[in-house]
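One structure is given here, and the rest of the page talks about it.
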Amino acid sequence: MLFLKGHLTSNMAPIIEKENKMENLDEDNNPDDSDNLWANILTEVQSSSGSASKLPTARTVLVLGDNECGKTTLIAKLQGVEEPKKGSGLEYYYVDVKDEYRDDQARLNVWVLDGDPHHTGLLKYALKEETFSDTMVLLVASMSQPWSLLDTLNRWADVLSDHIDKLRIPVDKMHEYEQSLVRCYQAYTEPGDGPIATQGPPRGDINPLHPPASGSDEEESLPLGEKTLSHNLGIPIVVVVTKSDAISMLEKELDYKDEHLDFIQQHIRKFCLKYGAAMFYTSVKDERNCDLLYRYLVHRIYGFPFTSPALVVDKDSVFVPSGWDNEKKISILYESMSSMKPDDNFDDVISKPPMRKVIQRDAEVVAEDEQAFLMKQQSQLSKQPAPGSSPAQESTAGRTQRPAVQRTPDRSPAPSANTPSPMRGKDGKPQAGTTEGMLANFFNSLLSKTPGAPVANKAAVTRDAAAELERMTRGKRADSNNTSTDSQAPPS
């Protein structure tokens with residue numbers, strides 16, 4: 001009986017529990033209670049996922065580059081501002097980032113450092129130990145001066161490396177940052193081949209700039225090349241070559257060929273390979289790759305979806321995402337290089353052109369009216385004597401144009417006997433200018449005589465000289481009287 005009792009008791013217990021559950025189920029079918037249950041579930045889901053889906057506000061972009069390379073203009077384009085405002089020192093901007101799927105919005109902080117090397121000390125305000133994990137760096141160089149491209153990138157990379165070395169980041173923490181860049185580089189896949197390229201890392205506690213390690217990633221990842229991430233700074237870098245529209249100018253004015261452009265590109269891509277950086281050719285003027293750069297930044301910083309593949313065909317719109325490139329792909333550019341080698345010194349191949357004089361284009365030269373110019377030339381020619389005119393004609397023209405001036409007779413030494421008589425014109429008047437010539441000949445003849453030589457018949461020489469002097473005096477007096485008479489005569 002005890003066995004049966006126990007057996008019956010054990011068999012009846014499930015029946016009682018089943019009846020109790022049915023009663024509870026009938027109570028749960030109450031419409032008011034079911035509405036409250038679903039409302040509580042939705043509230044719990046929203047409270048648990050609301051903080052995780054909110055965009056972080058501490059993410060930052062640090063922009064480094066020389067002056068006049070287009071840093072401020074590029075950031076203004078990302079902001080959607082038409083007129084950029086330029087400052088000095090360390091400038092702060094922000095870019096509005098909107099998440100249309102989750103109806104969220106955040107501000108991406110942007111620090112732009114002045115290109116003056118004296119301002120590099122201001123980096124301590126933009127890149128700190130606390131903000132290191134939330135920062136991405138943009139190294140900017142301009143295609144308008146391709147001969148300084150590689151030097152600019154190396155110099156600013158050294159400035160960034162020196163500053164990071166001064167930060168008090170624990171060694172194990174820095175090693176974790178470096179390994180996260182390696183994992184991110186290895187995890188890249190072409191769009192459509194995997195979730196990494198088409199869908200960013202999940203938002204929330206995971207930082208897309210430094211994704212955490214997972215067992216599957218370590219097993220499936222491929223080893224890096226020898227030069228890939230050889231200069232791992234532990235911070236994501238994007239190299240932006242601005243003013244790519246200047247390539248057409250380089251081809252026309254400096255005779256750049258495709259091999260020159262490929263030579264430049266392969267050097268920049270090798271630089272990006274060392275730092276694990278992405279590369280963009282942008283042009284704000286022609287609006288090339290500016291929108292693509294924005295989408296790539298929000299993809300790497302916030303984990304937004306990104307589906308654009310690499311672009312290496314168009315020489316002025318190049319895009320190489322981090323993780324896509326390797327030495328084998330870069331070697332394809334070697335095929336177009338005929339007059340140079342890939343390992344040639346960059347400065348020897350892409351040299352700075354000689355300095356040319358600056359043309360003042362602002363000064364406008366107005367051409368003089370043709371008729372006014374010809375009138376000036378005519379007036380100047382009329383003042384000059386006609387070619388082939390004699391001194392007598394010039395003297396006669398002068399007498400007709402200006403009043404005569406009474407001149408006193410010249411008191412000159414008597415000419416020698418062999419001095420020729422003065423030349424006279426058709427009207428019998430002595431020509432002007434011949435008297436001075438005869439006097440010059442007279443004195444020259446005296447000087448040409450040998451000192452101490454005997455002179456024959458001194459009296460005859462003296463008489464001849466006196467006679468010649470008298471003739472010249474009479475001729476000058478007659479010339480003076482005629483000139484006075486011509487000036488007093490009324491015009492015909």
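Of all residues in the stretch 319-346, those being outside any strand (DSSP E or B) and touching a Leu at 6+ places or on another chain (Cβ under 8 Å) number 6.
Looking only at the stretch 276-295, decide whether some residue is open to solvent by less than 10 Å² (accessible area, probe 1.4 Å), at pLDDT 95 or above, among the aromatic types (Phe, Trp, Tyr) and within 30 Å of PRO170 (Cα to Cα). Checking the stretch 276-295: not a single residue is open to solvent by less than 10 Å² (accessible area, probe 1.4 Å), at pLDDT 95 or above, among the aromatic types (Phe, Trp, Tyr) and within 30 Å of PRO170 (Cα to Cα). Among all residues of the stretch 135-147, there is none that is open to solvent by 40 Å² or more (accessible area, probe 1.4 Å), under 13 Å from LEU62 (Cα atoms) and of a type in the set (A, V, I, L, M).
Of all residues in the stretch 75-97, none are in contact with a strand residue (DSSP E or B) (Cβ under 9 Å, 6 or more places away or on another chain), farther than 24 Å from ILE301 by Cβ and open to solvent by 70 Å² or more (accessible area, probe 1.4 Å).
Residue pairs whose Cβ atoms lie under 6 Å apart, sitting 6 or more positions apart in sequence or on different chains, and linking a residue in the stretch 229-240 that is under 14 Å from LEU293 (Cβ atoms) to a partner that is aromatic (Phe, Trp, Tyr), are ILE237/TYR275; VAL240/PHE280. Here is a check on your reading of the model: is ASP316 among the charged types (D, E, K, R), exposed (fewer than 10 other Cβ atoms within 10 Å of the Cβ), in a loop (DSSP other than H, G, I, E, B) and modelled with pLDDT of 65 or more? Taking the combined requirement at face value, the residue does not satisfy it. Among residues of the stretch 76-101 that are farther than 22 Å from ARG59 by Cβ, those with a Cβ under 6 angstrom from a residue that is open to solvent by less than 40 Å² (accessible area, probe 1.4 Å) and part of a loop (DSSP other than H, G, I, E, B), sequence gap 6+ or separate chain, pair up as SER88/ASP114; GLY89/ASP114.
Pull up the stretch 245-285, narrow it to residues that are among the aromatic types (Phe, Trp, Tyr) and in a helix (DSSP H, G or I), then point me to the one that is farthest from the chain's Cα centre (by Cα). Here the residue is TYR275.
May I ask you to say which residue of LEU224, LEU254, LEU229 is touching a Gly at 6+ places or on another chain (Cβ under 6 Å) and surrounded by fewer than 20 Cβ atoms within 10 Å (Cβ to Cβ)?
Numbers: LEU224 fails: touching a Gly at 6+ places or on another chain (Cβ under 6 Å); LEU254 fails: touching a Gly at 6+ places or on another chain (Cβ under 6 Å).
One residue alone meets the criteria, LEU229.
The values are calculated or read from the model by the stated rules, or taken from the named source; none is laboratory data. Predicted model only: the values in this text are computed from it and were never measured. Using ideal geometry, Cβ is built from the backbone for each residue, glycine included, and neighbour counts are taken over all protein chains shown. Each accessible area value is taken on the protein alone, full model and side chains, heavy atoms only, with ligands, DNA and RNA left out. Shrake-Rupley method; radii C 1.70, N 1.55, O 1.52, S 1.80 Å.
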